[in-house]
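Single-structure report; data block below.
Bear in mind that the values in this text are calculations on the coordinates, not laboratory data. Here the structure is a predicted model, which means the values were calculated and not measured. Don't worry about glycine lacking a Cβ; one is built from the backbone with ideal geometry, like all the others, and counts go over all protein chains shown.
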Amino acid sequence: MTHFSGGPSFISTLICVLGILLPSIECHCPHMMGLKAPGPPSGPSPPGKFPDGDEGWDYDETAAPGIVPEPHFIQSTYIYRSPNVQEKTFSSRVVTVLKDIRSRLEKSARLTLENENIECSSPTDHYRCQEYPSTGTWNYLIVEDQQKGAATYTFDRKYNEKNDGTIEMALLDAFSRHSPSSLIAFASPEAEKEVGYIRALTVQEMDSLSGKNRHRQISMEKFGSNELNLLEPALLEVRTGSGLKLTSDSLRRIDSSKEFDKLLDEYKNVFILFWTSSEFF
């Protein structure tokens with residue numbers, strides 16, 4: 001066991017040493033050195049956070065940078081007749097999926113989708129129900145946009161009732177036909193591996209739905225359905241009509257496609273084997 005002892009002389013010496021060392025101790029704190037506290041950062045401020053639940057209309061972790069969808073507007077109507085429980089359940093699922101698609105496409109694809117749901121249990125439920133059969137089961141989606149006009153699509157329950165992802169892919173298929181680009185890329189993870197079945201009605205089918213027997217006018221074809229596929233562009237020699245010497249009064253020079261169309265309208269039975277104006281290629 002060690003004992004520490006010291007007399008008055010030792011204590012005096014210790015006090016003297018401390019008196020010499022204390023004045024030489026310096027404080028390096030910023031406020032003691034005359035330094036100003038750092039202020040707010042200069043330059044542009046960082047972007048703020050999106051509100052809770054909002055990831056931004058162009059949010060896509062897998063998308064290439066700089067690709068921005070063009071804003072677009074589509075109007076649609078889901079009109080259906082569900083006479084039994086199975087069909088009512090299916091149409092209810094379609095309404096739910098349409099609501100989900102509408103909000104997702106508005107945020108991610110800059111697509112404004114205005115949709116209306118019409119149930120036709122009887123022809124008097126809605127004025128548009130009179131345009132469709134008053135019996136049976138049917139599901140129609142009418143899609144309209146400014147560029148491509150309106151089209152009516154049909155999709156049956158038996159082909160799309162597998163799950164909601166199948167319904168979603170069928171609807172996205174129809175909307176993609178009226179959009180500047182495909183909307184399949186904006187499918188939900190549950191739907192991206194599914195296949196939906198939807199089909200556009202022909203004019204004849206639309207007439208049969210409304211009970212009309214519209215007289216079909218015979219249309220004139222400038223080209224047949226196959227001859228253009230038989231032509232090999234690499235073997236064609238394109239020439240202009242400039243400098244051509246007319247050797248017969250029956251020959252007529254056609255300077256524009258508008259004039260060409262007018263001649264075809266005047267003379268129904270005309271067959272053009274070759275023409276030499278590069279405007280038509």
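Quick rundown of the values:
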| read-out | value |
| --- | --- |
| Difference of contour (0.36 nm per residue) and Cα-Cα distance, Ser103 to Glu161 | 18.7 nm |
| Residue order, fewest to most surrounding Cβ atoms within 10 angstrom, among Asp145, Asp265 | Asp265, Asp145 |
| Computed label-point distance, nm, for sites Ser257 and Val85 using a 7 Å Cα→Cβ extension | 5.9 |
| Residue pairs, from the table Lys158/Lys193; Lys88/Lys162; Lys88/Lys193; Lys107/Lys162, whose Cα atoms sit over 21 Å apart | Lys88/Lys193; Lys107/Lys162 |
| Contact order normalised by residue count of the stretch 72-210, Cα under 8 Å, 6+ apart, percent | 28 |
| Ascending count of other beta-carbon atoms within 10 Å, so fewest first, for Phe175, Phe186, Phe260 | Phe260, Phe186, Phe175 |
| Per-residue Cβ neighbour rank within 10 angstrom, fewest leading, Cys129, Cys120 | Cys129, Cys120 |
| Pairwise label distance in nanometres, Asp265 with Thr135, each label 7 Å out on the Cα-Cβ vector | 4.5 |
